[in-house]
Amino acid sequence: MNKFSWYQASSVEEALKAVNSTVSESLTAKPGTGAVFKSGGIDVLDLMKEGLLQPEMIVNIREIPGLDSIEDTADGGLKIGANATLAEMMENEKIKQNYQALYQSLNHAATPQLRNMASLGGNLAQRTRCWYFRSIDHQCFRKGGSTCFAKNGMNEFHSILKNGMCSSVHSSSISTALMAFDAKVEITGSKGKQRLVDLDDFFILPGDDPSRENILRSDELIAAVILPKISSDTKSIYKKQGARESYDWALADVAIVADVKSGKCSKATMVLGAAAPVPLRIQYAADMLVNEKIDENIAKEVAEAAMERATPLEHNAYKVPLFKALIKRSVLQLA
Ligand SMILES: Cc1cc2nc3c(=O)[nH]c(=O)nc-3n(C[C@H](O)[C@H](O)[C@H](O)COP(=O)(O)OP(=O)(O)OC[C@H]3O[C@@H](n4cnc5c(N)ncnc54)[C@H](O)[C@@H]3O)c2cc1C
C-alpha cells in the first residue's frame with residue numbers, strides 16, 4: 001500500500017477544496033492516484049488492498065456535520081444525506097412505511113455490520129466487483145485495456161443486458177430500488193455549485209466511458225439523494241436473489257413501483273439490478289402493466305418481455321429464468 005496523507009474534512013467546502021488542490025497537482029498522474037473521498041471506507045479500503053487505488057490523499061468526509069441527515073422535503077418527498085448509513089436509512093419510519101422497496105433493498109444488502117458502516121453516497125459510487133476488474137493482473141476494458149476478459153472467461157455473475165463492451169454489473173442494489181422511485185442525486189462541485197440529476201443519468205454505460213461508472217467529476221461529491229412524494233395508491237416491491245441468503249451481492253434483483261387500485265395498475269416503473277453494467281430501467285415492460293388487472297398472465301408476459309433482449313454469456317444463462325421468476329413474483333405481489 002502506498003503512503004498517503006489524511007485530511008479530516010469538517011464541511012463539504014473543505015472536502016472539495018482538499019480534493020481540488022490534490023487533483024490539480026496530479027493531473028498527469030495515473031487514474032486512482034489523486035485524492036479520494038472516504039465515507040464508510042469499505043470499498044476505498046478494498047480498492048487500496050487490491051492495488052487499484054493508490055491515493056496521495058484520503059479526504060475523510062464521514063464526520064461532516066449534517067451530511068447524514070434524513071429530512072422530509074417541502075413537497076412531501078424525502079432527502080437522504082450522502083453520509084446516512086444503510087442502517088440509519090432502515091431506521092427511518094418514512095422509508096419503512098412509504099418506500100418499502102427501498103427498505104427491502106436495504107434489508108437484503110450486505111450484513112448488519114456492513115450496513116452500520118456503509119454510506120448511501122459510497123454505495124452509489126462503489127466500483128464493480130467484477131473479478132477481472134478487481135484483479136491487478138487483468139488490464140481489462142474498464143481499466144484502459146481493449147478486452148473484457150469476462151466475455152470469454154468466467155462470467156457466471158456478469159451481465160446479460162447491455163453487455164457488448166464490458167459485462168460487469170453494478171454492485172449497488174440500493175440503486176435498483178432508488179431508481180424505481182425516480183430518485184435524483186444532488187451533487188455539489190467546486191465553489192459550491194450544485195446540480196440535480198436523475199439517478200438514471202448518474203450511471204454511465206462502459207460504451208460511453210469505460211473508465212467511470214458514474215458522472216461524478218473528481219472535484220464533485222454526492223450531497224444527497226432525493227425521493228419524490230409517492231401517492232396513496234403507490235405500491236412497491238423489491239426482490240433479490242443472491243448466491244447465499246446470508247450476505248452477498250445480487251445475482252439478480254428487481255424493483256417495481258406502481259400505482260395500483262383495486263388490483264388495476266395505472267402507472268409502473270421497473271428496474272433490474274445485476275443485469276447490466278448499470279442499474280437498468282425496463283420501462284417498456286413496466287408499461288405493459290398500465291390499465292391491466294394484475295394477474296398470472298400479465299405477470300408472465302411482463303417477465304418474458306423484460307428478458308427478450310437478453311444476451312447471456314456462456315456461464316450466466318441461468319440469470320434469464322431467474323429474472324423472469326423474480327419479475328413474475330414481484331408483479332403478482334403488487335395485487
Ligand atoms: C461482503 C459485502 C457484501 C455487500 N453486499 C452488498 C449488497 O448486497 N448490495 C449493495 O448495494 N452493496 C453491497 N455491498 C457494498 C457496500 O454496501 C458498499 O461497499 C458500501 O455501500 C460502500 O459504502 P462506504 O460508505 O463504505 O463507501 P466508501 O468505501 O467510503 O466509498 C466508496 C466509493 O465512493 C466514493 N464516495 C464515498 N462517499 C462519496 C460521496 N458522498 N460523494 C462522492 N463519492 C463518494 C469514494 O471515494 C469511493 O470511491 C457489500 C459489501 C461487502 C463488503
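Remarks
- Of the strands (runs of 3 or more DSSP E) lying entirely inside segment 24-143, the ones with 1 or more residues being near the ligand (Cβ under 7 Å from one of its atoms), touching a helix residue (DSSP H, G or I) at 6+ places or on another chain (Cβ under 7 Å) and not aliphatic (A, V, I, L, M) are found at 35-38.
- Pair list, Cβ < 8 Å and 6+ apart or interchain, from segment 91-120 residues that are within 22 Å of Asn60 (Cα to Cα) to residues that are hydroxyl-bearing (Ser, Thr, Tyr) and surrounded by fewer than 18 Cβ atoms within 10 Å (Cβ to Cβ): Leu114/Tyr247
- Within segment 243-252, restricting attention to residues that are modelled with pLDDT of 95 or more and out of contact with any helix residue (DSSP H, G or I) (no Cβ under 6 Å at 6 or more places or on another chain), the residue that is farthest from Ile174 (Cα to Cα) is Leu251.
- Candidates Asp253, Asp248, Asp233 - the one that is surrounded by fewer than 22 Cβ atoms within 10 Å (Cβ to Cβ) and near the ligand (Cβ under 10 Å from one of its atoms): Asp248
Let's see how each residue does on (1) in contact (Cβ under 8 Å) with a residue 12 or more places away in the chain; (2) in contact with a strand residue (DSSP E or B) (Cβ under 7 Å, 6 or more places away or on another chain); (3) surrounded by fewer than 22 Cβ atoms within 10 Å (Cβ to Cβ); (4) not small (Gly, Ala, Ser):
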position: Ile136; (1), (2), (3), (4): yes, no, yes, yes
position: Cys148; (1), (2), (3), (4): yes, no, no, yes
position: Met154; (1), (2), (3), (4): yes, no, yes, yes
position: Ser159; (1), (2), (3), (4): yes, no, no, no
position: Ser168; (1), (2), (3), (4): yes, no, no, no
position: Phe181; (1), (2), (3), (4): yes, yes, no, yes
position: Thr188; (1), (2), (3), (4): yes, yes, yes, yes
position: Asp209; (1), (2), (3), (4): no, no, yes, yes
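- Filter pass, Ala285 being within 27 Å of Leu120 (Cβ to Cβ), in contact with a strand residue (DSSP E or B) (Cβ under 9 Å, 6 or more places away or on another chain), small (Gly, Ala, Ser) and buried (at least 17 other Cβ atoms within 10 Å of the Cβ): no
- Here is the figure for segment 254-280: residues that are more than 19 Å from Gln100 (Cβ to Cβ) and of a type outside the set (A, V, I, L, M, F, W, C) total 3.
- A single entry from Asp233, Asp200 fulfils the requirement of being touching a residue at least 60 places away in the same chain (Cβ under 8 Å) and of a type in the set (Asp, Glu): Asp200.
- Any chance Gly66 is in contact with a Pro (Cβ under 8 Å, 6 or more places away or on another chain) and among the small types (Gly, Ala, Ser): no
- Residues that are of a type outside the set (D, E, K, R), in a strand (DSSP E or B) and without any contact (Cβ under 8 Å) to a residue 24 or more places away in the chain, drawn from segment 243-267: none
- Test: residue in segment 288-297 that is among the aliphatic types (A, V, I, L, M), more than 16 Å from the ligand (Cβ to nearest atom) and either touching a Gly at 6+ places or on another chain (Cβ under 9 Å) or assigned to a strand (DSSP E or B) (or both): yes
- Test: Ala223 is within 13 Å of the ligand (Cβ to nearest atom), in a helix (DSSP H, G or I) and either modelled with pLDDT of 95 or more or surrounded by 24 or more Cβ atoms within 10 Å (Cβ to Cβ) (or both): no
- Criterion (more than 18 Å from the chain's Cα centre (by Cα) and part of a loop (DSSP other than H, G, I, E, B)) met by exactly one of Ser218, Ser211: Ser218
- Odd one out for Ser175 among (1) in a loop (DSSP other than H, G, I, E, B); (2) within 30 Å of Tyr318 (Cβ to Cβ): (1)
The values are calculated or read from the model by the stated rules, or taken from the named source; none is laboratory data. This structure is a prediction, so every number in the text was calculated from the model and none was measured. Positions of Cβ are generated from backbone atoms using ideal geometry, with glycine treated the same way; all protein chains shown enter the neighbour counts.
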